[in-house]
1. Could you say which residue among Ala122, Ala129, Ala105 is closer than 22 Å to Arg48 by Cα, touching a residue at least 60 places away in the same chain (Cβ under 8 Å) and touching a Leu at 6+ places or on another chain (Cβ under 6 Å)?
2. Considering Leu13, Leu47, Leu101, Leu19, which residue is of a type outside the set (Gly, Ala, Ser) and in contact with a Cys (Cβ under 8 Å, 6 or more places away or on another chain)?
3. Checking the condition surrounded by fewer than 22 Cβ atoms within 10 Å (Cβ to Cβ) and outside the structural domain of Ser173 (by TED's automatic domain parsing), which residue from Thr33, Thr43 passes?
4. How many of the residues in the stretch 266-284 are under 23 Å from Leu197 (Cα atoms), in contact with a Leu (Cβ under 9 Å, 6 or more places away or on another chain) and not hydrophobic (A, V, I, L, M, F, W, C)?
5. Yes or no: Ser177 in the same structural domain as Phe79 (by TED's automatic domain parsing) and surrounded by 19 or more Cβ atoms within 10 Å (Cβ to Cβ)?
6. Working carefully through the options Tyr357, Tyr286, find the one that is among the hydroxyl-bearing types (Ser, Thr, Tyr), assigned by TED's automatic domain parsing to the domain that holds Ala266, in contact (Cβ under 8 Å) with a residue 40 or more places away in the chain and farther than 14 Å from Gly257 by Cα.
7. Looking only at the stretch 345-362, which residues are closer than 15 Å to Arg310 by Cα and assigned to a loop (DSSP other than H, G, I, E, B)?
8. If I filter the stretch 129-170 down to residues being charged (D, E, K, R), modelled with pLDDT under 95 and not in a loop (DSSP other than H, G, I, E, B), which single residue comes out as nearest to Met196 (Cα to Cα)?
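The values are calculated or read from the model by the stated rules, or taken from the named source; none is laboratory data. Remember, it's a predicted structure, so these values are computed and weren't measured experimentally. FYI the Cβ positions are ideal-geometry reconstructions off the backbone, even for glycines, and counts take in every protein chain you see.
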Amino acid sequence: MNPELHPLFVEALHLSEGLQPTPSAIQRVGKATSTEAATWAFTQWELRRRGAVKFARASEMLFTTDGLAMASSEAVARFHAGLFPEGVEVADLTCGIGADLIALAERGMVVGLDQIPDHANAALWNLRAHDLGGLVYVADSLVWAAHEKPKYVFVDPARRKGSQRTLNPESFSPSLSALRPILDRANRWVMKLSPMLPDDFLGSISADLIFVSHEGECKEALLVGPSENPVTKAIHIESGEELLGETSAPRTEEPRGFLWELDPAAVRAHAQGAFRVPQLADAIGYLTSDSPPDSPWITGYRVLWQGAFREKVISTELRRNQWKPTAVKTKYVEVNPEKTFKALRQSSGSPVQVVVYSHGKALRALIVERVLPA
């Protein structure tokens, strides 16, 4: 199916705009176009609605379900594009529906490749929806790259084996070994990977390693090569701030007045020491200080109570102080947060959170309240 080439699909999009996908509405649009076109069009409007979270012009774009799920958001895609020199031609070897292709095309010439026709067609449509040029091919990117030898390459390998996600680089599509000759020839390459991949693997490749934070999540790990002196860092997309990784923090056994919850990308980059305040006991990702944090990398909490993790004791403190827990937060401890939250539930009171962490073999707990940045 190639909806861009079929006027019936374009007409179905127009007729279904703003309509609820009821059986009667789908049937009405189907009579004016075709059943296939109507079903496709209503699906597109639902995908466009969901795509608005990632794209400002989602209502003008084309999507596939898988393509939208895998697509970088606009802010992250623009960061990817900024890793290449402006004006160079970049080949996106796994362009999907064109999220990164759009950002790359805003800076220079692009070539997009995908083996799925619906993805390639959507990518070309989406370039045009943004008034951008570029070439898109339905092709095996490995065969194309072996012939064309691109000098600037972006690739986001599919990380599924059948219906299951995989962390085995040789099960990626394309696999890492198949990509190596292409990357070795490139002047600059960027590979998007899962941040769940182990440090040993990510560190085995001679490339800079960047963990990307966006909307409070560690979205991805980027390998950027070639690099003679590889560095590890985290990037905070909203603020543009960077942290160098591999910096350890001292530890303290006792919490101070404030608990700092570190952004997951900073944790993944092992950048706990960048803030020059101690880590709380064995709680990786939690720092503690006598002053509130003032950093986009930190969510801050005021410590209201501390003690051993005993549900009855914590419940007593919550009732006595008229505190209502809104969440139970755990890190690297064998505590079921949902079960604990249910046991501690209060019907009313000031909102607080309960934090459970380890100190050696012991479990400790905090009752905290969120503090906003200065």
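1. It is Ala122.
2. Leu101
3. Going through Thr33, Thr43 in turn, the sole match is Thr43.
4. 1
5. In short, no.
6. It is Tyr357.
7. Selection gives Arg345, Lys361.
8. Arg165
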